[in-house]
Amino acid sequence: MDMGKNFDHGEAERRIYEWWERSGFFRADPEKPGEPFVIVIPPPNVTGNLHMGHALDETLQDILIRYHRMRGDNTLWLPGTDHAGIATQNVVETALAAEGLTRQALGRAGFIERVWQWKEKYGSNIVRQLRRLGASCDFSRERFTMDEGLSRAVREVFVSLHEEGLIYRALHLINWCPRCLTALADLEVEHEERRGALYYLGYRFADGEGALTVATTRPETIFGDMAVAVHPEDERYRGHIGRRVLVPLINRPVPVIGDAYVDREFGTGVLKVTPAHDPNDFKLGQAHGLEAVRAIEEDGRLSPIAGRYAGQDRFEARRAMLPDLEAQGLLTRTEALNHAVGVCYRCRTVVEPSLSRQWFVRTASLAAEAARAVRDGRTAFVPKTWEKTYFAWLDNIRDWCISRQLWWGHQIPAWHCAECGGLTVTREDPAACAHCRSGRIERDPDVLDTWFSSALWPFSTLGWPDKTRDLARYYPTSVLVTGFDIIFFWVARMMMMGLHFQRRPPFGTVIIHALVKDAEGRKMSKSKGNVKDPLEIIDRYGADAFRFTLCALAGQGRDIRLSDERIAGYGRFVNKLWNASRLVLTNAGRARLGEAGPAGPADSLPDRWLASRLNRLTAQVRRHLDEFAYDHLAESLYHFVWDEFCDWYLELVKPVLHGPDEAAAEAARGRMLAALSVILRLLHPVMPFVTEELWSKIPGAAGPLMLAPFPAADEAGLDAEAEAGIGFLMDVTRAVRSVRADFRVPPASLLTPVILAGDQALTRVLAEYSPLVLKLTGSAAFEAAGPGQVKPREASLTAFPWGEVWVPLAGHIDMAEEARRLEKEAAGLARDLEAARAKLANPEYLGKAPEDIVEDMRRREADLAARRGAVERSLALLKGML
RNA sequence: AGGCGUGUAGCUCAGGGGGAGAGCACUACCUUGACACGGUAGGGGUCAAGAGUUCAAAUCUCUUCACGCCUACCA
């Protein structure tokens, strides 16, 4: 067997992946039998690069996909990318700026052409990078949200919803980004706590002396003030309702109105009303018949009504106004105030609430159905706690603003008529107005929110609106794996659209994972310089170590703190597996997989033990995968391979392999290969590369590991006798080793332990495996003694539930020290024994505790008593000698 | 302002009514023929605090403290 000491992941990963893909192992075939298991990838931004969030997401998906593929399910993992409207447009605009160009200079068609070029150039980056992770996507089905097919789906959905009255156009107060020059949905506004100030401004009465003082954080909006409002029952101001006050600086008279919305406690209890720039003021304005006049234009500059401040940027104007107000005695006070401001989620510019005519989705009925599907269990979140978050949003949802004043995206299929003003919304581009037949129609320039097309992803990617074989076979999908940050943006909206257009929810299970943070728990960001590149990690540690780390850290519902130490640790695990396999393979002799015949009671005790343990492991691994318990999955595999397989099993078989009994060695070789094949198959979904490489070296292993059947657990495979026998040998071994370490007996000095096993079966094990016991414990000889036999003098005792181990230590042991040690141990045992006896003496305990618990406690009491007895007898012996 | 979540070993976290666990780090010893990316043996915790429920609480309930995150139109 030609194997180096280390797995060369760099070379092997590329070679193996290329082989898998070239062989078509990732491709789904709807005509094949098998339960469908389907995942659609959360489409990354087309111009993006693979970051840690993707790496986690794709790894968790690939683990499930590989598991189900090995189980024989009809498995599809559909990859693709998102056009990411604002984000991509911004990126390309920035690139243009470097050339001294603007999108306006290029014109709409020219600009869109440039974005497509950009997409062709960089769009495949992220898909290529997926391959480095080992992602087994069906790339023959790769989709893009602006594909011809997906665009048709978008259009069909838009027109249908419009026909049903679920899409409408209206003048509303929306969130406007003055930098991106587009409307944003409520979700696309993030709230940041910022230090600001509360300015107290005097509004003089138009008809006499005195003034009302208004507290505001945004003095620059006063030019849009249409009223000043007070609470109708506020004694201080009630009498002024109906009078008029003058807007500072421009002295435009506005009425004082009364409305219970006003909070008497805040500021002065007087509120300025700016219907065009504040959602609440807009409502107030509607209620009181006030006009809404924009004080701030789309680009964030003040409008002509701002007098001499017109044309200034909003924040610049604020700074300029303050001294002027002060000079006129109208700025009476300034207080520091921390308050939340809304910023654009793409460029972090402070958004301007603005009155604007936009397109909306009427969400009430769609959201109700989306919530119902989770409430009645058609779709379940894992972990379940995220369902609360999901409901909280859907139950309080507002209409969704879907129009964006961008160029990159799906242009809205609506035509405005210059003759009658009517709207024509159709599946095919119209030649004339649907209302007046005029040919003077013009297409609405707006595009749709990126998330509108993302919402259709689970069925648009399968060919809808056509009735395709894929759609019939693979919708609804099985699971969705994503981060909690896009539950509202994406998950909820897919639920709404999937239910509305396919009548069934788009997935059965939504797996929500945590977000990847750095080792200190900080969000990774370029500005902090703590971003880790997944590709660099893969280069350094290998995809398997990286994937195993992500799997182990994917504990449900918290931050994932990724540190190099952790990844390096799992790199050592890969190395351990490699070397353990090397031992097995280099000692396989002429054995071939599958030729050893069925395992059974004729096998050696270690082989029976390993088979039994592997059976338990298999059951665990399947359960963890079925329950999406990734962290437990990783832990089970790690401990089995390292602690049970390497530290015990391989040490137990080594003497057999090198021993004189050739028949026994031959049998062990077969069993060893079989066990390795099971381990590799169980590990494969998490660590596909190293396992595939090792599999290829197993004599008799046929075909790719990634298509080999996943092991099944079998109750009948459990072997209690073997587990008890090996457990006993472990106890003996550990006891002797511990004594040796405690008394600093040099490794070269052989010991002569005395082992008292009460159980006959264990005594037989001891006899049968005596050479093994000698080797494991570093002994020259040992004596198997019966109960009541004379104990050796100058020895250290370890008491077990099943008996005692005595290690004679003449010359090494300080008897007084040993006596002190035993006294301490006896005291500990006595304390535990007393606690156990107290419980068993308590009638309430006996009456109320379940029978099996009480039974355990009785056994515990007996064990403790026996062990304490042994320790005390030993103590008496020692004291007699002192 | 509401909602969700988290406080367990030095660090990162698992456990979740019935004997406190893992990885890393730490200590001692070991170049044993798969691996020193290794082996063996160890040290280390009032399970945030208080009260309650229970035969039994790290685990359930309440309160307090601390720290996250999400949602939100109080100027």
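What follows draws every value from the coordinates through simple rules; no lab data is involved. Since this is a predicted model, take the numbers as computed values, not measurements. Please note: Cβ atoms are built from the backbone with ideal geometry, for glycine as well, and neighbour counts cover all protein chains shown.
Over all pairs of distinct alpha carbons, what does the Kirkwood formula give as the hydrodynamic radius of the stretch A:696-847, in Å?
18.8 Å
Under a 5 Å amide H to amide H cut-off, with H placed in plane at 1.01 Å, what residues pair with residue A:333 once short-range neighbours are removed?
Those qualifying (amide H under 5 Å, at least 5 residues apart or on another chain) are A:200.
Can you say what percent of the DSSP beta bridges in chain A, counting only those with both residues inside, are antiparallel? Round to 5.
70 percent
Simple spin-label model, 7 Å along Cα-to-Cβ: residue A:280 to residue A:467 in nm?
5.5 nm
For the stretch A:191-323, what does the convex hull of the Cα positions come to per residue, in cubic angstrom?
117 Å³
Return the calculated 222 nm mean residue ellipticity for chain A, to the nearest 500 deg cm²/dmol, obtained by summing -39500 (n - 2.57) across DSSP H runs with n ≥ 4 and dividing by the residue count.
Mean residue ellipticity at 222 nm (helix-derived): -13500 deg cm²/dmol.
Under a 5 Å amide H to amide H cut-off, with H placed in plane at 1.01 Å, what residues pair with residue A:143 once short-range neighbours are removed?
Long-range HN contacts for residue A:143: A:80, A:81.
Just round it to a whole percent: the fraction of Cα-Cα distances in chain A exceeding 53 Å.
37 percent
For the peptides A:177-190, A:661-674, what is the packing order when you average, over each peptide's residues, the other Cβ atoms within 10 Å and list the highest mean first?
Sorting A:177-190, A:661-674 by mean packing, highest first, produces A:177-190, A:661-674.
Would you mind checking the stretch A:254-286 for residues with the amide N under 19 Å from a putative spin-label position 7 Å along Cα→C-beta of residue A:335?
Of the residues in the stretch A:254-286, A:262-273 have backbone N under 19 Å from the label point off residue A:335.
Note down the Stokes-Einstein diffusion coefficient of the stretch A:356-469 in µm²/s, whole number, using a Kirkwood radius over alpha carbon pairs, 20 °C, and 1.002 mPa s.
Estimated via Stokes-Einstein, D reaches 126 µm²/s.
Quick one: compute a quarter of the convex hull surface over the Cα atoms of the stretch A:512-600 and quote it in nm².
9.1 nm²
Per-residue counts of other Cβ atoms within 10 Å, averaged by peptide: what ranking do you get for A:435-442, A:493-500, A:131-138, highest first?
Ranked by mean Cβ neighbours within 10 Å, highest first: A:493-500, A:131-138, A:435-442.
How big is the convex hull of the Cα atoms of the stretch A:21-126, per residue, in Å³?
125 Å³
Please turn the phi angles of the stretch A:364-375 into ³J(HN,Hα) values with the Karplus equation 6.51 cos²θ - 1.76 cosθ + 1.60 (θ = phi - 60°), one per residue in order, whole Hz, x for glycine and proline.
3, 6, 5, 5, 4, 5, 5, 6, 4, 4, 7, 4
Angle, helix A:314-327 long axis vs. longest principal axis of chain A, Cα atoms, 0 to 90°, nearest 10?
Approximately 60 degrees, to the nearest 10.
Compute the helix-to-body angle for A:9-22: its Cα long axis versus the longest principal axis of chain A, expressed 0 to 90° and rounded to tens.
Helix A:9-22 and the main axis of chain A meet at about 70 degrees.
Hey, which of these cross-link pairs are over 27 Å Cα-Cα: A:384/A:517; A:576/A:697; A:119/A:467; A:119/A:526; A:775/A:824?
A:119/A:467; A:775/A:824
In whole Hz, with x marking every Gly and Pro, tabulate ³J(HN,Hα) for the stretch A:290-300 from phi via Karplus 6.51 cos²θ - 1.76 cosθ + 1.60, θ = phi - 60°.
Going residue by residue, I get 8, 6, 10, 10, 6, 9, 10, 7, 4, 8, x Hz, with x marking Gly and Pro.
Through the Karplus equation 6.51 cos²θ - 1.76 cosθ + 1.60, θ set to phi - 60°, convert the phi angles of the stretch A:848-855 into ³J(HN,Hα) values in whole Hz; use x for Gly and Pro.
Per residue, the Karplus-derived 3J(HN,Hα) values read 10, 6, x, 4, 5, 5, 5, 4 Hz.
For the stretch A:613-698, compute the orientation-averaged projected area of the C-alpha convex hull (one quarter of its surface), in nm².
5.7 nm²
Just how far, in whole angstrom, is the stretch A:541-568 from the stretch A:1-62 if you go by their alpha carbon centroids?
Cα centroid to Cα centroid, the span is 17 Å.
So what's the projected area for the stretch A:79-237, the Cα convex hull averaged over all directions, in nm²?
Projected over every direction and averaged, the Cα hull of the stretch A:79-237 covers 18.2 nm².
Distance between Cα centroids, the stretch A:109-132 to the stretch A:690-767: provide it in whole Å.
If we compute the Cα centre of each part, the gap is 54 Å.
Defining a contact as two alpha carbons under 8 Å apart and six or more residues distant in sequence, what relative contact order in percent does chain A show?
12 percent.
I'd like the FRET efficiency for residue A:852 and residue A:192, computed as 1/(1 + (r/R0)^6) with the beta carbon distance as r and R0 of 51 Å, rounded to 0.05.
Between residue A:852 and residue A:192 the formula returns 0.35.
Using only the C-alpha atoms of the stretch A:631-750, find the volume of their convex hull and express it per residue in Å³.
Hull volume over Cα atoms, normalised by residue count, gives 170 Å³.
Of the peptides A:328-334, A:349-355, how do they stack up when ordered by the mean number of other Cβ atoms within 10 Å, highest first?
Top to bottom by mean Cβ count within 10 Å: A:349-355, A:328-334.
For residue A:310 and residue A:398, what is the calculated FRET efficiency with R₀ set at 51 Å and r taken between the beta-carbons, to the nearest 0.05?
0.95
Quick one: which residues, 5 or more positions from residue A:813 or on another chain, have an amide H under 5 Å from its amide H? H modelled 1.01 Å from N in the peptide plane, none for Pro or chain starts.
Distant-sequence amide H within range of residue A:813: zero hits.
For the stretch A:131-280, give the share of DSSP beta bridges that are antiparallel, in percent and rounded to the nearest 5; count only bridges with both residues there.
Percentage antiparallel, nearest 5: 85.
Would you mind checking the tilt of helix A:148-163 against the longest principal axis of the Cα atoms of chain A, expressed as 0 to 90 degrees and rounded to 10?
Here the helix axis deviates by roughly 60 degrees.
Quick check: Cα centre of the stretch A:612-641 to Cα centre of the stretch A:361-404, how many Å?
34 Å
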